[in-house]
1. Can you find a residue in the range 180-190 that is out of contact with any helix residue (DSSP H, G or I) (no Cβ under 7 Å at 6 or more places or on another chain), over 19 Å from residue 76 (Cα atoms), at pLDDT 95 or above and surrounded by 15 or more Cβ atoms within 10 Å (Cβ to Cβ)?
2. Inside the range 73-94, can you point out the residues that are touching a residue at least 40 places away in the same chain (Cβ under 8 Å) and over 26 Å from residue 142 (Cα atoms)?
3. Among the candidates 60, 66, single out the residue that is in contact (Cβ under 8 Å) with a residue 12 or more places away in the chain, in a strand (DSSP E or B) and within 14 Å of the chain's Cα centre (by Cα).
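The values are calculated or read from the model by the stated rules, or taken from the named source; none is laboratory data. Everything quoted here is computed from the prediction, not taken from an experiment. Backbone-built Cβ (ideal geometry, glycine too); neighbour counts: all protein chains shown.
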């Protein structure tokens with residue numbers, strides 16, 4: 001189901017690009033260097049740095065399709081897929097019982113709209129911008145194993161009791177702010193770099209909610225239409 005949704009979104013984005021591109025009036029421009037490119041598509045990849053206790057760095061991919069209203073203001077549809085691992089956690093109780101939690105890695109699929117403000121002059125070698133956006137996030141927590149190890153006087157050895165929790169999906173609200181830079185590589189091609197901060201919810205050893213942030217740093221290529 002989720003793959004079908006993503007496929008439909010990509011198809012709609014492509015058709016939108018073709019439609020707006022067909023409507024663009026280029027008759028007033030005498031050369032490619034003067035053409036005011038309005039549409040862009042960008043593909044990026046990079047690292048995630050969650051600020052939540054128990055979670056380690058991750059990685060992610062990003063697809064953007066956007067439109068520049070003018071040389072200062074733009075909007076884009078942002079689709080991101082991120083993968084963040086949860087570190088194994090162990091706690092030694094004073095009574096000799098050891099608790100260990102494994103699992104609850106996160107897979108995030110984020111759909112949001114971003115408002116862009118900055119310099120979007122296609123003829124400029126360096127463009128910088130800031131962004132603010134909001135949307136929805138589909139989040140998958142992987143299965144969780146909770147293990148208690150204690151000394152059993154019946155067996156005269158350590159005994160481990162394990163509890164399994166199934167993986168599950170959760171939908172929540174997504175907001176983000178950030179800044180980016182792109183460098184001109186060719187007439188229609190630009191190198192991009194972007195840093196975003198987003199709110200993110202994790203889980204503790206005992207499954208309590210942990211609120212934090214996630215810094216996403218991604219680089220890639222943008223193509224102008």
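1. yes
2. At the first step, the residues of the range 73-94 found to be touching a residue at least 40 places away in the same chain (Cβ under 8 Å) are 73-80, 82, 84, 86, 89, 91.
Hits for the range 73-94 are 73, 74, 75, 76, 77.
3. 60
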